[in-house]
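The values are calculated or read from the model by the stated rules, or taken from the named source; none is laboratory data. Computed from a predicted model, the values in this text were never measured in an experiment. Cβ atoms come from the backbone with ideal geometry, glycine included; neighbour counts cover every protein chain shown.
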Amino acid sequence: MNTQGSRHVNVDDQLNDPAFFATDRYYALFDRLRAEDPVHWTTSPDGRGYWSVFKHADFKHILNEPELYSSEREGVMPAVDAEMSAVAKQAMGVGENVLTIDPPRHGEMRKVVSEPFLPRALAAAEARTRTLIGGIFDGLPADGEIDLVTDLAVRIPMAVICDILDLPEGDWDKLLGWGKMAIGGSDPEYRQGTAAETVSQGYQLLYDYSLRTASARRGCPFADPLTALANATVGGRPMTPSEIAHNGTQLMLAGFETTRNAFSGGVLALLENPDQMALLREDPKRLRLGVEEFVRWSDPVISLMRTATGDTELRGRRIRAGDRVMLWFPSANRDEEVFDQPYRFDITRHPNLHVGFGGGPHFCLGGPLAKLEIRLAMEELLERYDGLEITGPVERVQSSFVGGLKHLPVRLRQRTARASAG
Ligand code: HEM
């Protein structure tokens, strides 16, 4: 075990605690660590410890060196106690799910499900996506209070990914419930049993559902990714049931558990920065660039793990084969060496070199889809409503993996005919 830096006991407790990420105090902690200890040895409850990495340049390096920093050895979920570690590997299907397979095998698996997420396919589906999103807005009151997260932000990506995967609307609520367990298992609002049991159960329910659905499509001619998985070959053999189910689960979770946070986090930032809201109202075309700032600002992915496959060095720290390395996204996305005034929410920021979608071979497959959804949803929001006002406490989910807003109560005010004409 590596013993460097054991003086940071309180810091380490905070980094290991999912509840800490339901506060916004972690930004101040990351600022300090970026300056004082950018590659920080972090003790952990499982006794193994791990390296915490905070600088943007180190992210780029690690994400682009998958042979040295593996996603497959132990998976990518930040699991720092023994129970969660055991569950995480099994739940995510390490070595079977595109996210947790190293090159060269990774490329072949990614290709199986890529088609509907490529920019040209998305461009062709834009009108359909707009209609789907418009349908969610149609269900909201013209004037009145909603929870922008549960009534809107979670439903938009759910509608879109279920359309792509050809899943019925009647299944949305149960899928959402299972997604909350899989990703937010540490949060008391979602927990059933221990955090690890909740995560395990959430993944298992999604796994069973994916497998059932994909199996029924074996031999079918449809073009959706679940059918593609059911009928694909990798390495010259058919996909195993476990590979089919883990990849189906990955598409669902990635599809609906991340974009919701970028959209709701971006809306909250606009409400807190009326000058930026005014810029968007003046010219909604600014959204094409502005969506990048939504992602940088809201950091839907908080941390991801890699495992070193050999001895190496990072900023003078000796990393040994088998050491775990944790990438803290909100830190890299506020790195003052890369971002001018990183704590300014600026929808005109250009270039916006955020790492919110990762980098290297595992760069987010759904990034273009997420940006399309956020842009269309914001266009709809601006078009339909004149004003939004926060009416209650804003709550974040307790998660150090994928996180963001859990509740954002707002009052909607319908746009007047005069304002719309203007
Ligand atoms: C704002 C929304 C999103 C964010 C911030 C986000 C973030 C990320 C990040 C950081 C990774 C890299 C993981 C790694 O390096 O280990 C990733 C991978 C991935 N994302 Fe997203 N994602 C978003 C939306 C989506 C959507 C809508 C989908 C659609 C299904 C999706 C599908 C995937 C897949 C399949 C991978 C694995 C790619 C691979 O391993 O080759 N994501 N995402």
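Quick one: would you say Tyr209 is over 25 Å from Arg105 (Cβ atoms), in a helix (DSSP H, G or I), within 16 Å of the ligand (Cβ to nearest atom) and aromatic (Phe, Trp, Tyr)?
yes
Of the residues making up the stretch 180-206, those that are part of a helix (DSSP H, G or I), buried (at least 20 other Cβ atoms within 10 Å of the Cβ) and touching a helix residue (DSSP H, G or I) at 6+ places or on another chain (Cβ under 6 Å) are Met181, Ala182, Ile183, Ala196, Thr198, Val199, Ser200, Gly202, Tyr203, Leu206. The requirement of being within 12 Å of the ligand (Cβ to nearest atom) and under 30 Å from Asp37 (Cβ atoms) is fulfilled somewhere in the stretch 331-348, by at least one residue.
Which count do you get for residues in the stretch 298-309 that are within 11 Å of the ligand (Cβ to nearest atom) and either of a type outside the set (Gly, Ala, Ser) or part of a strand (DSSP E or B) (or both)?
Result for the stretch 298-309: 8.
Number of residues in the stretch 93-129 that are exposed (fewer than 15 other Cβ atoms within 10 Å of the Cβ), touching an Asp or Glu at 6+ places or on another chain (Cβ under 9 Å) and not in a helix (DSSP H, G or I) equals 0.
Between Gly219, Gly255, the distinction of being under 27 Å from Ala125 (Cα atoms), away from the ligand (no atom under 15 Å from the Cβ) and modelled with pLDDT under 95 belongs to Gly219 only. Filter the stretch 269-284 down to the residues that are under 21 Å from Asp299 (Cα atoms) and not aliphatic (A, V, I, L, M), then identify the one that is surrounded by the fewest Cβ atoms within 10 Å (Cβ to Cβ). Checking each candidate, the answer is Pro274. Being surrounded by fewer than 16 Cβ atoms within 10 Å (Cβ to Cβ) and more than 8 Å from the ligand (Cβ to nearest atom): is that true of Glu379 here? When the stated conditions are applied, Glu379 does not pass them.
Inside the stretch 44-92, residues that are modelled with pLDDT of 95 or more, among the hydrophobic types (A, V, I, L, M, F, W, C), buried (at least 20 other Cβ atoms within 10 Å of the Cβ) and in a loop (DSSP other than H, G, I, E, B) make up a count of 3. Residues of the stretch 404-418 that are over 20 Å from Asn273 (Cβ atoms) and either modelled with pLDDT of 95 or more or exposed (fewer than 13 other Cβ atoms within 10 Å of the Cβ) (or both): Lys406, His407, Thr416, Ala417, Arg418. Within the stretch 314-355, being of a type in the set (A, V, I, L, M) and either part of a loop (DSSP other than H, G, I, E, B) or without any contact (Cβ under 8 Å) to a residue 24 or more places away in the chain (or both) holds for Ala321, Val338, Ile347, Leu353, Val355. Taken over the stretch 145-161, the residue count meeting the criterion of being within 11 Å of the ligand (Cβ to nearest atom) and either surrounded by fewer than 19 Cβ atoms within 10 Å (Cβ to Cβ) or farther than 17 Å from Gly403 by Cβ (or both) is 4. Among the residues of the stretch 356-376, those identified as assigned to a loop (DSSP other than H, G, I, E, B), surrounded by fewer than 20 Cβ atoms within 10 Å (Cβ to Cβ) and not hydrophobic (A, V, I, L, M, F, W, C) are Gly358, Gly359.
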